[in-house]
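Report on the following structure.
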């Protein structure tokens with residue numbers, strides 16, 4: 001594979017440009033992004049009303065075409081035809097880096113198959129911005145939006161809870177309260193940061209121990225970027241059950257599920273979830 005040096009790429013080379021745009025503050029646009037957008041024959045965007053605000057601010061007159069998840073497949077053939085005619089096409093999203101939990105992957109893959117050149121124009125990203133202020137490990141795993149159904153969430157959280165790295169999610173504010181209890185169960189002992197309105201006027205970062213999480217009383221505005229810390233060994237966490245804990249568990253073992261027992265014991269004591277779980281399993285096996 002031959003990689004063309006950046007210094008030799010022409011300033012007006014045709015192809016598809018994946019252009020990152022501001023995640024809130026319109027001043028967070030790069031000079032190169034502005035240059036490419038001005039030279040573009042067409043700009044593909046999710047919502048023309050949103051993107052027009054950015055283009056109007058910087059007096060960019062390139063043609064805007066709506067390209068969202070509901071019409072992306074329908075647009076493909078025309079866009080590919082346009083690119084084969086050696087035009088410059090830019091893809092932007094409503095905010096941040098395109099294709100990352102946003103439309104665009106279908107077009108990118110079609111360009112790869114059609115041997116059409118693709119250029120990334122890096123810039124703002126809610127993911128890296130959130131990780132940078134979290135104070136957590138810089139080794140992180142980005143998941144994207146939480147799944148919709150409870151069983152899917154439990155299945156995914158169970159797998160992710162085993163990763164000893166920072167975890168990053170996107171979340172709809174309308175659904176965030178539905179996952180609070182599952183976050184507390186699967187990521188007990190870790191810390192969390194809810195990032196809201198990043199770079200905007202009402203930017204807010206809410207930090208909390210996951211064990212102390214409560215439901216949001218008022219629905220936050222905008223989408224949330226949620227950052228969960230890596231697994232840490234807390235010296236204040238008791239790894240062993242006391243005699244009183246054992247008596248309590250024996251009294252509950254035939255009345256509650258193991259998940260419920262873990263939640264009840266941990267609600268009053270900072271004991272390792274694994275320790276409680278393993279003891280419950282040993283009691284079940286004795287029967």
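The values are calculated or read from the model by the stated rules, or taken from the named source; none is laboratory data. This one's a predicted model, so the numbers in the text were calculated from it and none came from an experiment. For neighbour counting, all protein chains shown are included, and Cβ atoms are generated from backbone atoms with ideal geometry for every residue, glycine included.
Quick check: is even one residue across region 228-235 out of contact with any strand residue (DSSP E or B) (no Cβ under 6 Å at 6 or more places or on another chain) and over 21 Å from residue 135 (Cα atoms)? Checked region 228-235: no residue is out of contact with any strand residue (DSSP E or B) (no Cβ under 6 Å at 6 or more places or on another chain) and over 21 Å from residue 135 (Cα atoms). Just a yes or no: is a residue in region 38-57 modelled with pLDDT under 95 and closer than 18 Å to residue 15 by Cα? Looking through region 38-57, none of the residues is modelled with pLDDT under 95 and closer than 18 Å to residue 15 by Cα. The single residue among 261, 198 that is in contact with a helix residue (DSSP H, G or I) (Cβ under 6 Å, 6 or more places away or on another chain), over 22 Å from residue 186 (Cβ atoms), surrounded by 12 or more Cβ atoms within 10 Å (Cβ to Cβ) and modelled with pLDDT of 90 or more turns out to be 198. Within region 68-81, one or more residues are in the same structural domain as residue 43 (by TED's automatic domain parsing), under 27 Å from residue 25 (Cβ atoms) and surrounded by fewer than 19 Cβ atoms within 10 Å (Cβ to Cβ). Within region 137-148, the set of residues being over 12 Å from residue 226 (Cβ atoms) and part of a loop (DSSP other than H, G, I, E, B) comprises 137, 138, 139, 147, 148.
Contact map, region 176-202: residues that are outside the structural domain of residue 263 (by TED's automatic domain parsing) paired with residues that are crowded, with 20+ Cβ neighbours inside 10 Å and in a loop (DSSP other than H, G, I, E, B), Cβ distance under 6 Å, separation 6+ or inter-chain. Pairs shown: 179/146; 190/229; 191/229; 198/23; 199/23. When residues in region 90-127 are screened for being without any contact (Cβ under 8 Å) to a residue 60 or more places away in the chain, in a helix (DSSP H, G or I) and touching a strand residue (DSSP E or B) at 6+ places or on another chain (Cβ under 9 Å), 1 of them pass. Scoring residue 151 on the criteria (1) touching a helix residue (DSSP H, G or I) at 6+ places or on another chain (Cβ under 7 Å); (2) part of a helix (DSSP H, G or I) leaves a single failure, condition (1). When 89, 108, 131 are screened for being crowded, with 20+ Cβ neighbours inside 10 Å and out of contact with any helix residue (DSSP H, G or I) (no Cβ under 9 Å at 6 or more places or on another chain), only 131 passes.
Scanning region 240-258 for residues that are in contact with a strand residue (DSSP E or B) (Cβ under 9 Å, 6 or more places away or on another chain) and surrounded by fewer than 11 Cβ atoms within 10 Å (Cβ to Cβ) turns up just one, 240.
Considering 136, 170, 157, the condition of being surrounded by 18 or more Cβ atoms within 10 Å (Cβ to Cβ), farther than 30 Å from residue 89 by Cβ and touching a strand residue (DSSP E or B) at 6+ places or on another chain (Cβ under 7 Å) is satisfied by 136 alone.
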